[in-house]
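A short write-up of the structure that comes next.
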Amino acid sequence: MVKYSQQQVDNIFYSLADHTRRDILKLIIEKNPTVSEIASPFDMSLPAVSKHIKVLETNGLISRQKEGRIVRFRVIPDPIREALKNVEYFEKFG
């Protein structure tokens with residue numbers, strides 16, 4: 001089990017705070033897509049989508065998988081579990 005620092009948890013929540021990045025995560029969970037497949041449903045440039053992907057990757061929520069010349073992405077579940085664990089703590093006050 002990974003021990004997350006408070007800064008890492010903050011970065012996870014920062015990554016999840018943006019609706020586009022949450023939508024990108026959903027796509028990655030469903031399809032294991034390439035960058036162009038991720039970009040296709042969004043009304044934004046490929047560089048803009050790449051910036052969102054970079055945030056998710058830098059903060060440990062996704063990883064790249066190279067298949068020859070093709071790069072696909074997959075979700076890393078542990079950071080999302082950590083975010084849920086933090087949210088669940090506050091549920092007892094609601």
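Quick notes on this structure:
Okay, residues lined up against (1) of a type in the set (S, T, N, Q); (2) touching a Cys at 6+ places or on another chain (Cβ under 7 Å); (3) open to solvent by less than 80 Å² (accessible area, probe 1.4 Å); (4) in contact (Cβ under 8 Å) with a residue 12 or more places away in the chain:
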{"site": "Val49", "(1), (2), (3), (4)": "no, no, yes, yes"}
{"site": "His52", "(1), (2), (3), (4)": "no, no, yes, yes"}
{"site": "Asn59", "(1), (2), (3), (4)": "yes, no, yes, yes"}
{"site": "Arg64", "(1), (2), (3), (4)": "no, no, no, no"}
{"site": "Arg72", "(1), (2), (3), (4)": "no, no, yes, yes"}
{"site": "Glu91", "(1), (2), (3), (4)": "no, no, no, no"}
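- Number of the condition not met by Tyr4 [criteria: (1) farther than 16 Å from Ile80 by Cβ; (2) open to solvent by 40 Å² or more (accessible area, probe 1.4 Å); (3) modelled with pLDDT under 95]: (1)
- Filtered residue count, region 14-47, keeping only those that are open to solvent by less than 80 Å² (accessible area, probe 1.4 Å) and in a helix (DSSP H, G or I): 13
- Here Ser45 does not fit the description of being over 18 Å from Ser5 (Cβ atoms), touching a residue at least 12 places away in the same chain (Cβ under 8 Å) and polar (S, T, N, Q).
- Count of residues meeting criterion [assigned to a strand (DSSP E or B), charged (D, E, K, R) and in contact with a strand residue (DSSP E or B) (Cβ under 9 Å, 6 or more places away or on another chain)] in region 57-90: 4
The values are calculated or read from the model by the stated rules, or taken from the named source; none is laboratory data. None of the values given here were measured: they were computed from a predicted structure. Here the Cβ is made from the backbone with ideal geometry for all residues, glycine too, and neighbour counts use every protein chain on show. The area values use the complete protein model at the heavy-atom level, side chains included, leaving out ligands, DNA and RNA. Shrake-Rupley method; radii C 1.70, N 1.55, O 1.52, S 1.80 Å.
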